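Inspection log for the structure reproduced underneath, given as structure tokens.
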Amino acid sequence: APFKVQLTGPVTLGMALHAVGVAADRSCGVAARAVRTRVHDVLRAARAVAPGATPLVFLDEPGLTAALEPGFPLGVDDTLDLVSGALAAAADGAIAGLHCCGRADWPVVLQAGPQMLSLPVDAGASDHPGAFADFLERGGWLVWGAVPTARPLGETAEILWRRLVVEWDTLAEAGVEPRSLVEQALITPECGLVGMDVVQAAHVVDLTNHLAQRVEARALELGLILGA
């Protein structure tokens, strides 16, 4: 079965280096080389431990949220080059995914070529239905961060489910194929569980599992309705 590994993406690493005084062109070059090397090392280790499994490599790119802000030191082409180069390295015998934990310039992000895109439910996907429709038509998968990890949660997943369905309905009304939204979807927490105790983390996982089961049931219903 596939299994997931995750590492810092080149835009985020490059911006971190730039923030401590390294010139933008140099910081991004160093970041690009470092991430590609790290991807190869992680994949080599993964294959040694589980040679029969398919690695799913996610680049963690919170730095892409800053690309919407004035003064971001990278242009669109440079940003695309950084991310697409790292994704190409990750796609060498693996499934290449991209995780961004907030709003980003999604049409640009999708041009970088991820096979999976991980984003929070309320991160503005519905503002760009055409880009997401094209992504799904190309066989891409959307990994929906449907369970918040930075604010209190209720006891049930009902509100979270309604929030996800509203997002899907909005995209579908704008022309995204409804069946693709369901069948090419994974459900996860919004971000990692670091800082949570065992009880809190278990609750997040339970809510995530419940939502995933609801999505599976919805996919079966769509299959019956569409008959194909």
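Of note:
- Evaluated against (1) modelled with pLDDT of 95 or more; (2) out of contact with any Phe, Trp or Tyr (no Cβ under 8 Å at 6 or more places or on another chain); (3) surrounded by 21 or more Cβ atoms within 10 Å (Cβ to Cβ), residue 139 falls short on exactly one condition, (3).
- Every residue from region 124-136 that is under 10 Å from residue 167 (Cα atoms) and either part of a loop (DSSP other than H, G, I, E, B) or free of Cβ contacts under 8 Å to residues at least 12 places away in the same chain (or both): 124
- In the set (1) open to solvent by 70 Å² or more (accessible area, probe 1.4 Å); (2) at pLDDT 95 or above; (3) closer than 21 Å to residue 106 by Cβ, the condition left unmet by residue 76 is number (2).
- Looking only at region 19-50, and only at residues there that are under 12 Å from residue 82 (Cβ atoms) and open to solvent by 30 Å² or more (accessible area, probe 1.4 Å), the one that is nearest to the chain's Cα centre (by Cα): 36
- Selection within region 79-114 - in contact with a Leu (Cβ under 9 Å, 6 or more places away or on another chain), closer than 17 Å to residue 33 by Cβ and open to solvent by less than 40 Å² (accessible area, probe 1.4 Å): 79, 82, 83, 86, 87, 89, 90
- Scanning region 87-143 for residues being under 12 Å from the mean Cα position of the chain (by Cα) and charged (D, E, K, R) gives a total of 1.
- Of all the numbered requirements in (1) part of a helix (DSSP H, G or I); (2) open to solvent by 60 Å² or more (accessible area, probe 1.4 Å); (3) not β-branched (Val, Ile, Thr), residue 186 misses one, and that requirement is (1).
- Cβ-Cβ contacts under 7 Å between residues 6 or more apart (or on different chains), taken from a first residue in region 1-24 that is within 20 Å of residue 56 (Cα to Cα) to a second residue that is part of a loop (DSSP other than H, G, I, E, B) and open to solvent by 40 Å² or more (accessible area, probe 1.4 Å), are listed as 2/54.
- One residue stands out among those in region 142-155 that are open to solvent by less than 20 Å² (accessible area, probe 1.4 Å) and either touching a Ser or Thr at 6+ places or on another chain (Cβ under 7 Å) or of a type in the set (A, V, I, L, M, F, W, C) (or both): the one that is farthest from residue 184 (Cα to Cα), which is 147.
- You will find that of 173, 158, the residue that is open to solvent by 40 Å² or more (accessible area, probe 1.4 Å), at pLDDT 95 or above and either within 17 Å of the chain's Cα centre (by Cα) or among the acidic types (Asp, Glu) (or both) is 173 and no other.
The values are calculated or read from the model by the stated rules, or taken from the named source; none is laboratory data. Treat the numbers as computed from the prediction; the structure is a model and nothing was measured. Cβ atoms come from the backbone with ideal geometry, glycine included; neighbour counts cover every protein chain shown. Side chains are part of the model used for accessible areas, which takes the heavy atoms of the whole protein and leaves out ligands, DNA and RNA. Shrake-Rupley method; radii C 1.70, N 1.55, O 1.52, S 1.80 Å.
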